[in-house]
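Colleague: Below is one structure. I have some questions about it.
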Amino acid sequence: MLSPCSLHGAPLAWLHAHGSLTRHLVRVCPGSLRVEVVREGWVRAEVATARRLGVRPGTRLWRREVRLVCGAVPYVHAQTWMTPAGVRALGLGRLGGRPLGHVLFR
């Protein structure tokens, strides 16, 4: 299991690697990795968000914010932003507590 002191080298590389961050965490936290959904739903893109995502302000987007928790320790706080077409294509409205990586990297 991960300890806070072990989170300096490898996890930083994971953030820049291709593929699933969840998969890396499952390897070091077998059987106890879970997703806590902080919030999820439809929002309108504010100016700063729209600029970062390359969409127009006011665009309708699906936002999912989660924590990936190993045992009792939260290790990743993440947000996903997607257009309605992307949500429909991937069936993301039904994710619940499943990691997004299980859908994107199957």
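Colleague: Here's a check for you: in the range 52-103, which residue that is touching a Pro at 6+ places or on another chain (Cβ under 9 Å) and among the aliphatic types (A, V, I, L, M) is farthest from Leu33 (Cα to Cα)? So that I can check it myself, show each step before the final result.
Modeller: Of the range 52-103, the ones touching a Pro at 6+ places or on another chain (Cβ under 9 Å) are 60-62, 66-68, 73, 75-76.
From what is left, the residues that are among the aliphatic types (A, V, I, L, M) are 61, 66, 68, 73, 76.
Numbers: Leu61: 27, Val66: 13, Leu68: 7, Val73: 10, Val76: 11 Å.
Only one residue tops the list, namely Leu61.
Colleague: For residues that are loosely packed, with under 12 Cβ neighbours inside 10 Å and at pLDDT 90 or above, scanning just the range 61-106, find the one that is farthest from His24 (Cα to Cα).
Modeller: Ala85
Colleague: If you don't mind, another one. Can you name the residue in the range 35-88 that is charged (D, E, K, R) and under 12 Å from the mean Cα position of the chain (by Cα) and is also nearest to Val103 (Cα to Cα) among such residues?
Modeller: Initially, the range 35-88 is screened for residues charged (D, E, K, R), giving 36, 39-40, 44, 46, 51-52, 56, 60, 63-65, 67, 88.
Filter once more, keeping what is under 12 Å from the mean Cα position of the chain (by Cα): 36, 39-40, 63-65, 67.
On the way: Glu36: 17, Arg39: 18, Glu40: 16, Arg63: 16, Arg64: 14, Glu65: 16, Arg67: 17 Å.
Top of the filtered list is Arg64.
Colleague: Can we say Arg34 is modelled with pLDDT under 85 and of a type in the set (D, E, K, R)?
Modeller: Details: modelled with pLDDT under 85: no; of a type in the set (D, E, K, R): yes.
Against the criterion (modelled with pLDDT under 85 and of a type in the set (D, E, K, R)), Arg34 does not qualify.
Colleague: Among the residues of the range 18-44, which ones are without any contact (Cβ under 8 Å) to a residue 40 or more places away in the chain and in a helix (DSSP H, G or I)?
Modeller: Listed by number, the residues that qualify are His24, Val26, Arg27.
Colleague: Going through the range 56-106 one residue at a time, which ones are in contact with a Leu (Cβ under 7 Å, 6 or more places away or on another chain), part of a helix (DSSP H, G or I) and of a type in the set (Val, Ile, Thr)?
Modeller: Val103
Colleague: Let me ask something else. Search the range 45-56 for residues that are more than 15 Å from Thr80 (Cβ to Cβ) and pair each with any residue that is in a helix (DSSP H, G or I) when their beta-carbon atoms are under 9 Å apart and the residues are at least 6 apart or on different chains.
Modeller: Arg56/Ala50
The values are calculated or read from the model by the stated rules, or taken from the named source; none is laboratory data. This one's a predicted model, so the numbers in the text were calculated from it and none came from an experiment. Here the Cβ is made from the backbone with ideal geometry for all residues, glycine too, and neighbour counts use every protein chain on show.
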